[in-house]
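See below for the structure under consideration.
Every read-out reported here was derived from the displayed coordinates using simple, explicitly stated rules and does not represent laboratory data. Model, not experiment: these values are computed from the prediction. No Cβ is skipped: glycine too gets one built from the backbone with ideal geometry, and neighbour counts run over all protein chains shown.
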Amino acid sequence: MAKMQRWRRGRSAGEDTTVLDSDLDGALDTDQVTDSPDAAAADDDVAELPPAPAPETDESDEPELDEPEGEPEDEPEDDLEDDLEVEPTHPPLPHVPEDTGLAGRLLGGRRPADVLAIQLLQAAHAKQAITTALAMGVVAAVTGRPAREAGVVVLTVLVGQTMLGWHNDIVDRQRDQAHGLTGKPVAMGRLAVGTVWYAIAVGFLLVLPLSWTTGIRAGCLYLASIAIGMLGNVVLRTGFFSWWSWAASFALLPAYLSYGGWGGQAQGHAPEPVIVALAALLGIGVHFMRAVWGLVADHEDGWTYLPLKLGLKLGATRLLALSTVFTVGVGIALVVVGTQVGLSR
């Protein structure tokens, strides 16, 4: 019905006529609605009014969206993608320039610090490993072992000593970092600890068959030497008995050679006791020579081992000289006694 309309448009006055909701609610009250002829006529007049013509629109009068000044209408997708770049979750790595020197050309433009093999070699205490392996190979050859056996001895000892070097760097990584030692890849963060442990596991899988190639008993003795060396990296190394692991591990090396042969069932003989004793003294001498270079850092950490006590009394230079003379003298004694009594009984 026309009575229920809330909005009526009139053209006589050119204005809109609004019916308030309160008036409309009153008009819809059933108690007040009457069917008077005047009301019906008024409704008919309103219904017969022609619809208001739609206002003419001029296309030129239509509002236009403001274009940002200085920006083209069609922005290329590439520019839009550049504006919507997602910020990376991790900070960008610093740019590392390629090494253009001789080492860089040999390594394909990479620095030595970025090559895993070089970092593993640096953490392996390569000088000590190579020296010990070559010395053992020479002793094996001098005692009459064939070249193939001497070669296996060199390779076996090299792998074992490399494992000991890696383990030592893992144990000392916090101390090395605190003292700012730059030659320690693990302490400097260039070599992950997990990577070094993986390398030790691979070395163990290699040293097992290598050591047993010259006999089961000989192989077990060399594996025991490695185990004692690793135990010495964490036990009693800071006190007076720091030398025990060096003496025990070196004392097992003559037994590894004397019991060795070719093939897993090879059976040799026990080593001469004097050779075993001299080998133990040689290990102590090597321990003193290596300890001299870390006396300052060890003293700062409160260590009380024997090389440090002697170094405080004699001085580092004198201690190094005496340790070198002692070690060389023991080595000469090994050669002399070995030529007289032999390696084994």
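Points worth noting:
- Taking the Kirkwood radius as Rh and the Cα radius of gyration as Rg, segment 216-267 has a ratio of Rg/Rh equal to 1.11.
- Extension gain, R290 back to A201 (0.36 nm per residue minus Cα-Cα distance, nm): 29.5 nm
- Net dipole in debye of segment 116-341 [+1 Lys, Arg Cβ; -1 Asp, Glu Cβ; about Cα centre; nearest 20]: 140
- Pairwise FRET efficiency - L134 versus H269, Cβ, R0 = 30 Å, nearest 0.05: 0.80
- Fully extending the segment from V171 to H299, taken as 0.36 nm per residue of separation minus the present Cα-Cα distance, adds 44.3 nm.
- Karplus-derived HN-Hα couplings along segment 169-175 (A = 6.51, B = -1.76, C = 1.60, θ = phi - 60°), whole Hz, x at Gly and Pro: 5, 5, 5, 9, 4, 5, 5
- Per-residue Karplus couplings for segment 117-127, computed as 6.51 cos²θ - 1.76 cosθ + 1.60 with θ equal to phi - 60°, are listed in order as 4, 5, 5, 5, 5, 5, 7, 8, 6, 4, 4 Hz, Gly and Pro entered as x.
- R0 of 41 Å, Cβ-Cβ distance L314-A141: FRET efficiency to nearest 0.05: 0.60
- Summary value for segment 236-295: 39 percent relative contact order, contacts being C-alpha pairs under 8 angstrom separated by 6+ residues.
- Between F241 and A277, the modelled labels are 2.2 nm apart [label points 7 Å from Cα along Cα→Cβ].
- Residues whose placed amide H lies under 5 Å from that of S344, excluding near-sequence neighbours: E272
- Once the Cα-Cα distance is subtracted from the 0.36 nm per residue extended length, the V193 to I216 segment shows a gain of 5.1 nm.
- Spacing of the modelled spin labels on T182 and R111, each 7 Å from Cα toward Cβ, amounts to 1.1 nm.
- Between the residues G283, A150, T324, the greatest Cα displacement towards the positive end of the dipole of segment 116-341, with unit charges on the Cβ of Lys, Arg, Asp and Glu, is found for T324.
- Packing, as the average of other Cβ atoms within 10 Å across residues, places the peptides 226-237, 284-295 in the order 284-295, 226-237, highest first.
- Working note: Cα atoms of segment 116-341, range along each principal axis, descending, whole Å: 49, 39, 25.
- Cβ-Cβ FRET estimate between I332 and N233, R0 fixed at 25 Å, reported to 0.05: 0.30
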